[in-house]
Amino acid sequence: QVQLVESGGGLVQGGGSLRLSCGASGRTVSSLTMGWFRQAPGREREIVAIIRWRGGSTSYADSVKGRFTISRDNAKNTVYLQMNSLKPEDTAVYYCAGSEYSNPTNFQSYDYWGQGTQVTVSS
(Lines give C-alpha, C1' and ligand atoms only; values in the text may rest on other atoms or scores of the structure.)
Protein backbone atom coordinates (compact mmCIF):
# COMPACT_ATOMS: atom_id res chain seq x y z
CA GLN A 1 0.00 0.00 0.00
CA VAL A 2 1.43 3.34 -1.06
CA GLN A 3 1.14 6.21 1.36
CA LEU A 4 2.14 9.81 0.73
CA VAL A 5 2.41 12.33 3.53
CA GLU A 6 2.93 16.03 2.87
CA SER A 7 4.41 18.52 5.29
CA GLY A 8 5.89 22.00 5.28
CA GLY A 9 2.87 24.14 4.55
CA GLY A 10 2.06 27.26 6.51
CA LEU A 11 1.57 31.01 6.43
CA VAL A 12 4.19 33.14 4.72
CA GLN A 13 4.41 36.74 3.56
CA GLY A 14 4.48 37.54 -0.11
CA GLY A 15 7.99 37.21 -1.51
CA GLY A 16 8.88 34.55 1.02
CA SER A 17 9.76 30.88 0.62
CA LEU A 18 8.51 27.51 1.76
CA ARG A 19 9.64 23.98 1.13
CA LEU A 20 7.05 21.25 0.96
CA SER A 21 7.99 17.64 1.57
CA CYS A 22 6.23 14.47 0.50
CA GLY A 23 7.37 11.33 2.25
CA ALA A 24 6.47 8.03 0.61
CA SER A 25 6.06 4.52 1.92
CA GLY A 26 5.17 1.34 0.08
CA ARG A 27 6.98 2.41 -3.11
CA THR A 28 10.10 4.30 -3.95
CA VAL A 29 9.60 7.80 -5.31
CA SER A 30 12.10 6.98 -8.05
CA SER A 31 9.72 4.31 -9.41
CA LEU A 32 6.79 6.72 -9.74
CA THR A 33 6.23 9.96 -11.58
CA MET A 34 5.63 12.34 -8.70
CA GLY A 35 3.58 15.48 -9.00
CA TRP A 36 2.60 18.45 -6.91
CA PHE A 37 -0.92 19.78 -7.42
CA ARG A 38 -2.77 22.63 -5.79
CA GLN A 39 -6.37 23.60 -5.33
CA ALA A 40 -7.63 26.97 -4.21
CA PRO A 41 -11.19 27.49 -2.94
CA GLY A 42 -13.64 27.58 -5.81
CA ARG A 43 -11.03 26.59 -8.35
CA GLU A 44 -10.12 23.37 -10.10
CA ARG A 45 -7.15 21.33 -9.06
CA GLU A 46 -4.13 22.24 -11.14
CA ILE A 47 -0.77 20.66 -11.72
CA VAL A 48 2.17 22.63 -10.36
CA ALA A 49 5.19 20.46 -11.09
CA ILE A 50 6.15 16.88 -11.90
CA ILE A 51 9.30 14.81 -11.81
CA ARG A 52 9.23 11.73 -14.00
CA TRP A 53 10.41 8.35 -12.85
CA ARG A 54 12.08 7.76 -16.20
CA GLY A 55 15.09 10.02 -16.37
CA GLY A 56 14.01 12.41 -13.64
CA SER A 57 12.98 15.16 -16.04
CA THR A 58 10.79 17.91 -14.64
CA SER A 59 7.96 20.10 -15.87
CA TYR A 60 6.27 23.14 -14.36
CA ALA A 61 3.11 25.13 -14.75
CA ASP A 62 3.80 28.45 -16.44
CA SER A 63 2.59 30.28 -13.34
CA VAL A 64 5.41 28.86 -11.20
CA LYS A 65 8.30 28.54 -13.66
CA GLY A 66 11.44 30.14 -12.32
CA ARG A 67 10.03 30.27 -8.77
CA PHE A 68 9.31 26.64 -7.83
CA THR A 69 11.61 23.65 -8.02
CA ILE A 70 10.63 20.00 -7.67
CA SER A 71 13.24 17.49 -6.59
CA ARG A 72 13.53 14.09 -5.01
CA ASP A 73 15.85 12.47 -2.51
CA ASN A 74 15.90 8.75 -3.24
CA ALA A 75 17.74 7.93 -0.02
CA LYS A 76 14.99 9.59 2.03
CA ASN A 77 12.24 8.45 -0.36
CA THR A 78 10.95 12.01 -0.35
CA VAL A 79 9.91 14.54 -2.97
CA TYR A 80 10.24 18.27 -2.35
CA LEU A 81 8.73 21.41 -3.73
CA GLN A 82 10.87 24.47 -3.08
CA MET A 83 8.70 27.55 -3.48
CA ASN A 84 10.38 30.96 -3.73
CA SER A 85 9.05 34.44 -4.43
CA LEU A 86 5.63 33.37 -3.23
CA LYS A 87 2.60 35.37 -4.27
CA PRO A 88 -0.89 35.59 -2.72
CA GLU A 89 -2.23 33.73 -5.75
CA ASP A 90 -0.13 30.72 -4.73
CA THR A 91 -2.45 30.26 -1.75
CA ALA A 92 -3.99 26.80 -1.96
CA VAL A 93 -3.98 23.31 -0.56
CA TYR A 94 -1.00 21.53 -2.07
CA TYR A 95 -1.17 17.82 -2.79
CA CYS A 96 1.53 15.31 -3.56
CA ALA A 97 0.62 12.51 -5.96
CA GLY A 98 2.25 9.50 -7.59
CA SER A 99 1.57 8.02 -10.99
CA GLU A 100 2.57 4.75 -12.62
CA TYR A 101 2.76 6.55 -15.97
CA SER A 102 6.01 8.02 -17.19
CA ASN A 103 4.29 11.15 -18.48
CA PRO A 104 0.83 11.54 -16.93
CA THR A 105 -1.23 14.25 -18.59
CA ASN A 106 -3.98 14.86 -16.03
CA PHE A 107 -4.74 14.28 -12.40
CA GLN A 108 -6.84 11.21 -13.22
CA SER A 109 -3.59 9.52 -14.22
CA TYR A 110 -2.31 9.66 -10.68
CA ASP A 111 -2.89 6.62 -8.53
CA TYR A 112 -1.72 7.76 -5.11
CA TRP A 113 -2.50 10.96 -3.23
CA GLY A 114 -1.48 12.61 -0.02
CA GLN A 115 -3.86 14.39 2.31
CA GLY A 116 -2.72 17.87 1.34
CA THR A 117 -1.03 20.74 3.14
CA GLN A 118 -2.26 24.32 3.30
CA VAL A 119 -0.10 27.12 1.95
CA THR A 120 -1.26 30.65 2.65
CA VAL A 121 0.59 33.67 1.25
CA SER A 122 -0.28 37.05 2.68
CA SER A 123 0.02 40.27 0.71
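The values are calculated or read from the model by the stated rules, or taken from the named source; none is laboratory data. These numbers come from a predicted model, not from an experiment. We place every Cβ from the backbone using ideal geometry, glycine too, and count neighbours over all the protein chains shown. With ligands, DNA and RNA removed, areas are computed over all heavy atoms of the protein, side chains included. Shrake-Rupley method; radii C 1.70, N 1.55, O 1.52, S 1.80 Å.
See the values below:
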read-out: Residue tally, condition touching a residue at least 24 places away in the same chain (Cβ under 8 Å) and outside any loop (DSSP other than H, G, I, E, B), over the stretch 93-123; value: 16
read-out: Selected residue (criterion: farthest from Gly55 (Cα to Cα)) from residues of the stretch 92-111 that are within 15 Å of the chain's Cα centre (by Cα), open to solvent by 10 Å² or more (accessible area, probe 1.4 Å) and not polar (S, T, N, Q); value: Val93
read-out: From the options Arg67, Arg45, residue that is in contact with a helix residue (DSSP H, G or I) (Cβ under 6 Å, 6 or more places away or on another chain) and either closer than 21 Å to Asn106 by Cα or surrounded by fewer than 21 Cβ atoms within 10 Å (Cβ to Cβ) (or both); value: Arg45
read-out: Selection from the stretch 48-64 of residues that are surrounded by fewer than 15 Cβ atoms within 10 Å (Cβ to Cβ) and either within 12 Å of Ser30 (Cα to Cα) or at pLDDT below 95 (or both); value: Arg54, Gly55, Gly56, Ser57
read-out: Any hit, the stretch 13-21, residues being surrounded by 14 or more Cβ atoms within 10 Å (Cβ to Cβ), under 14 Å from the mean Cα position of the chain (by Cα) and modelled with pLDDT under 95; value: no
read-out: Residues that are open to solvent by less than 10 Å² (accessible area, probe 1.4 Å) and either at positive phi or in contact with a Cys (Cβ under 7 Å, 6 or more places away or on another chain) (or both), drawn from the stretch 70-91; value: Val79
read-out: Test for Phe107: is it at pLDDT 95 or above and of a type in the set (Phe, Trp, Tyr); value: no
read-out: Test set (1) of a type in the set (Asp, Glu); (2) surrounded by fewer than 17 Cβ atoms within 10 Å (Cβ to Cβ); (3) outside any loop (DSSP other than H, G, I, E, B) - Glu6 fails condition number; value: (2)
